[in-house]
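Novice: Sharing a structure below in structure tokens format, with a few things to ask.
The values are calculated or read from the model by the stated rules, or taken from the named source; none is laboratory data. All of these numbers come straight from a predicted model, not from anything done at the bench. Cβ placement follows ideal geometry from the backbone for every residue including glycine, while neighbour counts extend to all protein chains displayed.
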Amino acid sequence: MANEQLKEEIISYAKQIGIDKIGFAAANPFAEMKARLQMQQEDGFQSGFEKGTLEERTNPALHLEDAESIIAIAVAYPSRMRDRPLNKKGQRRGNFCRASWGHDYHDVLNSRLELLTAFIAERVPGFRSRSMVDTGELSDRAVAERAGIGWSGKNSFIITPEFGSYVYLGEMITNVPFPSDQPLDDQCGDCTMCLDNCPTGALVAPGRLNAQNCIAFVTQTKGFLADEYRSKIGNQLYGFDTCQLVCPKNKGIDVHHHPELEPDPELVKPELIPLLSISNKEFKERFGKMSGSWRGKKPIQRNAILALAHYREQTAVDELIRLMRDDPRPVIRGTAAWAIGKIGRYDSYDAIRSALEIEQDPEVRNEMEKGLAFEQAQV
């Protein structure tokens, strides 16, 4: 009974500190999730960014010895941008996904979990806890589903009745046996909009994602992008939103509860050409507070080059030629050569041939040959 009252106090306090939804679940092992993760591993569907062993990812007691319950939290983020900048010829822009708008959500949710921890610790002698946001071993989505935050959608997102899937998730394992909340029933029904609109077929079945084929994952890789994705990445610099945008449960949902999560239009839809020459220092100063900056500038610059090729932006060719000739990074040189060929300005192919004469890296030379192949396609 005392824990029931404390639970209500925690729920009330959570609202005061900017937590939009909170739920409580038992800290039992996630047996069903373990089986699903095992299958993902065997099928080669994991991204490689996952942390921990299967046991560590599904057994809360490995992270807090006397684990009794888990508190799950959700913080809603916007889906629409005010003062959206124009994307026009000569000033083409790239796109960061909505989950990277505003201040890095890891910091935002961790700060709220710290406040929540202090609140409970003042009321419970001997209170112990362990908090995680995204980069921890436990699956945020499995915890949120068990705690009644939302149901696991066919698009592999947690979908809440109030905020759709536009929520960040975090959790706190505790040594307090709080009364558990009830999981929600699946409300996707017969809808398959997310599967039907996935451009790479990464959603191989309802709720099953092959991360290796997901555009959101592909934008975060650091090597040469496989040819099959170059025509599908569009102007995405980081992440991907289609599987959320087409979801009927997200229709009309646009939450602006938290100023720190509001997007800066010039950051989340930046001009592409200036990105090509940005220094490491400038990149950190401009984009460092966004979650989409975590892999550094190289994937963003590579994706910017591909976006310029997507638009066939001829005003970018001079800068792309400079990168092809002078950039020390093979991925950038090679991707620039490919993009120059696809854009196809009058002097493009001579520039590639000239660079090919002195290029030593075999992968870059291969990209240059791909770039030159566009010349034959235009004949």
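Novice: If you take the residues in segment 15-60 that are of a type in the set (Lys, Arg) and surrounded by fewer than 14 Cβ atoms within 10 Å (Cβ to Cβ), which one is farthest from Ser131 (Cα to Cα)? It would help to see each step written out before you state the result.
Specialist: At the first step, the residues of segment 15-60 found to be of a type in the set (Lys, Arg) are 15, 21, 34, 36, 51, 57.
Subsequent filtering for residues that are surrounded by fewer than 14 Cβ atoms within 10 Å (Cβ to Cβ) retains 15, 51.
Numbers: Lys15: 18, Lys51: 15 Å.
That would be Lys15.
Novice: Which residues, taken from segment 113-134, are touching a strand residue (DSSP E or B) at 6+ places or on another chain (Cβ under 7 Å) and under 23 Å from Phe287 (Cβ atoms)?
Specialist: Selection gives Val133 alone.
Novice: Looking at this structure, is Asp181 assigned to a loop (DSSP other than H, G, I, E, B) and at pLDDT 95 or above? Walk me through it before giving the result.
Specialist: Values: assigned to a loop (DSSP other than H, G, I, E, B): yes; at pLDDT 95 or above: yes.
Taking the combined requirement at face value, the residue satisfies it.
Residue by residue, here is whether (1) within 26 Å of Lys34 (Cα to Cα); (2) not in a helix (DSSP H, G or I) holds:
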residue	(1), (2)
Arg112	no, no
Thr117	no, no
Gly126	no, yes
Thr135	yes, yes
Ala144	yes, no
Gly148	yes, yes
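Novice: When you go through (1) part of a loop (DSSP other than H, G, I, E, B); (2) over 17 Å from the mean Cα position of the chain (by Cα) one by one for Thr221, which number turns out not to apply?
Specialist: (2)
Novice: Next question. Output the residues belonging to segment 259-274 that are surrounded by 19 or more Cβ atoms within 10 Å (Cβ to Cβ) and part of a loop (DSSP other than H, G, I, E, B).
Specialist: Pro263, Lys269, Pro270
Novice: Determine which member of the set Thr200, Thr221 is more than 15 Å from Arg98 (Cβ to Cβ), of a type in the set (Val, Ile, Thr) and in contact with a Cys (Cβ under 9 Å, 6 or more places away or on another chain). Give the steps one after another, and end with the answer.
Specialist: Values: Thr221 fails: in contact with a Cys (Cβ under 9 Å, 6 or more places away or on another chain).
None of the other options fit; the residue is Thr200.
Novice: Ok, one more. Of everything in segment 43-62, what is assigned to a loop (DSSP other than H, G, I, E, B) and within 26 Å of Asn213 (Cβ to Cβ)? Give them in sequence order.
Specialist: So the first thing to find is which residues in segment 43-62 are assigned to a loop (DSSP other than H, G, I, E, B), and the list is 44-53, 59.
Once the filter is applied, which keeps residues that are assigned to a loop (DSSP other than H, G, I, E, B) and within 26 Å of Asn213 (Cβ to Cβ), segment 43-62 yields Gly44, Phe45, Gln46, Ser47, Gly48, Phe49, Glu50, Lys51, Gly52, Thr53.
Novice: Looking at Glu122, Glu137, which one is acidic (Asp, Glu), in contact with a Gly (Cβ under 7 Å, 6 or more places away or on another chain) and more than 18 Å from Ile19 (Cα to Cα)?
Specialist: Working: Glu122 fails: in contact with a Gly (Cβ under 7 Å, 6 or more places away or on another chain).
The unique qualifying residue is Glu137.
Novice: Which of the residues that make up segment 68-98 are hydrophobic (A, V, I, L, M, F, W, C), surrounded by fewer than 22 Cβ atoms within 10 Å (Cβ to Cβ) and either part of a strand (DSSP E or B) or touching a helix residue (DSSP H, G or I) at 6+ places or on another chain (Cβ under 9 Å) (or both)?
Specialist: Step one: list which residues in segment 68-98 are hydrophobic (A, V, I, L, M, F, W, C), which gives 70-76, 81, 86, 96-97.
Then drop every residue that is not surrounded by fewer than 22 Cβ atoms within 10 Å (Cβ to Cβ), which leaves 81, 86, 97.
Of everything in segment 68-98, those that are hydrophobic (A, V, I, L, M, F, W, C), surrounded by fewer than 22 Cβ atoms within 10 Å (Cβ to Cβ) and either part of a strand (DSSP E or B) or touching a helix residue (DSSP H, G or I) at 6+ places or on another chain (Cβ under 9 Å) (or both) turn out to be Met81, Cys97.
Novice: Being among the hydrophobic types (A, V, I, L, M, F, W, C) and surrounded by 16 or more Cβ atoms within 10 Å (Cβ to Cβ) is the filter; apply it to segment 116-140 and report the residue that is nearest to Thr58 (Cα to Cα). Spell out the reasoning first.
Specialist: Of all residues in segment 116-140, those among the hydrophobic types (A, V, I, L, M, F, W, C) come to 116, 118-121, 124, 127, 132-133, 138.
After this cut, where a residue has to be surrounded by 16 or more Cβ atoms within 10 Å (Cβ to Cβ) as well, the list is 116, 119-120, 124, 132-133, 138.
Working: Leu116: 23, Phe119: 27, Ile120: 25, Val124: 26, Met132: 13, Val133: 15, Leu138: 6 Å.
Only one residue fits best here, namely Leu138.
Novice: Shifting gears a bit: With the checklist (1) over 18 Å from Ile158 (Cα atoms); (2) out of contact with any strand residue (DSSP E or B) (no Cβ under 7 Å at 6 or more places or on another chain) in hand, flag the one item Glu32 doesn't pass.
Specialist: Here Glu32 clears every test but (1).
Novice: Which condition number does Glu375 fail, the rest of (1) in contact with a Phe, Trp or Tyr (Cβ under 9 Å, 6 or more places away or on another chain); (2) surrounded by 18 or more Cβ atoms within 10 Å (Cβ to Cβ) being met?
Specialist: (2)
Novice: So, in segment 312-338, exactly how many residues are under 17 Å from Arg230 (Cβ atoms) and charged (D, E, K, R)?
Specialist: Of the residues in that region, 3 qualify.
Novice: Could you give me the residue pairs with C-beta distances under 6 Å whose first residue belongs to segment 151-168 and is farther than 12 Å from Cys247 by Cα and modelled with pLDDT under 95, whose second residue is surrounded by fewer than 24 Cβ atoms within 10 Å (Cβ to Cβ) and not hydroxyl-bearing (Ser, Thr, Tyr) wherever it lies, and which are 6+ apart or on separate chains?
Specialist: Listed pairs, sorted by first residue: none to list.
Novice: Ok, one more. Restricting the search to segment 278-287, which residues are buried (at least 18 other Cβ atoms within 10 Å of the Cβ) and either at pLDDT below 95 or not in a helix (DSSP H, G or I) (or both)?
Specialist: Ile278
Novice: Inside segment 224-258, can you point out the residues that are in a helix (DSSP H, G or I) and not hydrophobic (A, V, I, L, M, F, W, C)? It would help to see each step written out before you state the result.
Specialist: From segment 224-258, those in a helix (DSSP H, G or I) are 227-230, 242-245, 248-250; that's our starting set.
Across segment 224-258, the qualifying residues are Asp227, Glu228, Tyr229, Arg230, Thr242, Gln244, Pro248, Lys249, Asn250.
The rows are residues; the columns are (1) more than 23 Å from Thr160 (Cβ to Cβ); (2) out of contact with any Phe, Trp or Tyr (no Cβ under 8 Å at 6 or more places or on another chain); (3) surrounded by 18 or more Cβ atoms within 10 Å (Cβ to Cβ).
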| residue | (1), (2), (3) |
| --- | --- |
| Cys198 | no, yes, yes |
| Gly223 | yes, yes, no |
| Asn235 | yes, no, yes |
| Phe240 | no, yes, yes |
| Cys243 | no, no, yes |
| Lys289 | yes, yes, no |
